[in-house]
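Step one of this worksheet: look at the structure below.
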Amino acid sequence: MEYEVLFLPDQKKVKVRPNTNVLDASRRAGVRIPTRCGGKAGCLMCKILVPDEERGHCSVPETKEIRKLGTSMMEQGYRLSCQTRITSHLKVIIPEDPLKAAIRKQLEAARNREPDDFI
C-alpha cells in the first residue's frame, strides 16, 4: 500500500509507504525542506503546515515535537516534517522562508510602483 503526498505551493506529488516521515517524502518528491539536525527534531528548520482537515492523515505529535514547537505553533497546524509520519493520503504546506518572503515582497512593491516614484 502507498499513500500520495501533495506538497504545496509546489504542487508536487509523491507516493510513499505508510509511516514514511514527511521530510523523507519531500526529498523523494524533489521538494526542498531545510534541516540542520539531520531529522532529529533538534533545529526547528523543517517546519511544515498541516491543514486542519489533513491532521488525521498523519501521526500524532510526540512529546519532543510538542516541546520543540510549543502549543501555539501546534494549534496553528505546524509540525516538524522529520517527526510527522504519513498514515494516509496527505496534503502539506511548505511555509515560505522569511528572508525569501521579505525579498519577494520588496520586488513586488518595486514592480507595482509608477516610474515617477523613482525620481
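The values are calculated or read from the model by the stated rules, or taken from the named source; none is laboratory data. Treat the numbers as computed from the prediction; the structure is a model and nothing was measured. Neighbour counts run over all protein chains shown; Cβ positions are idealised from the backbone, glycine included.
Computed quantities for the displayed model
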read-out	value
Check on SER88, touching a Gly at 6+ places or on another chain (Cβ under 9 Å) and loosely packed, with under 14 Cβ neighbours inside 10 Å	yes
Exclusive hit being without any contact (Cβ under 8 Å) to a residue 60 or more places away in the chain, part of a helix (DSSP H, G or I) and aliphatic (A, V, I, L, M), set ILE66, ILE48	ILE66
Residue in the range 82-103 that is in a helix (DSSP H, G or I), under 19 Å from LYS13 (Cα atoms) and without any contact (Cβ under 8 Å) to a residue 24 or more places away in the chain present	no
In the range 32-41, residue surrounded by the most Cβ atoms within 10 Å (Cβ to Cβ) [restricted to those that are of a type outside the set (A, V, I, L, M, F, W, C) and touching a helix residue (DSSP H, G or I) at 6+ places or on another chain (Cβ under 8 Å)]	THR35
ILE93 being under 14 Å from LEU49 (Cβ atoms), at pLDDT 85 or above and surrounded by 11 or more Cβ atoms within 10 Å (Cβ to Cβ)	yes
Residue selected from the range 51-63 under the condition out of contact with any helix residue (DSSP H, G or I) (no Cβ under 8 Å at 6 or more places or on another chain) and assigned to a loop (DSSP other than H, G, I, E, B), by the criterion surrounded by the most Cβ atoms within 10 Å (Cβ to Cβ)	SER59
Qualifying residues in the range 54-84 (those that are of a type in the set (A, V, I, L, M, F, W, C) and out of contact with any Asp or Glu (no Cβ under 7 Å at 6 or more places or on another chain)) - the one nearest to ARG27 (Cα to Cα)	CYS82
Filter result (among the polar types (S, T, N, Q) and touching a residue at least 60 places away in the same chain (Cβ under 8 Å)) within the range 7-35	ASN19, THR20, ASN21, SER26
Residue ID - surrounded by the most Cβ atoms within 10 Å (Cβ to Cβ), chosen from residues in the range 7-31 that are within 11 Å of the chain's Cα centre (by Cα) and assigned to a strand (DSSP E or B)	PHE7
Test: VAL50 is at pLDDT 95 or above and under 14 Å from GLN83 (Cα atoms)	yes
Qualifying residue in the range 102-114 (condition: within 25 Å of MET1 (Cβ to Cβ) and either more than 15 Å from the chain's Cα centre (by Cα) or among the aromatic types (Phe, Trp, Tyr) (or both))	no
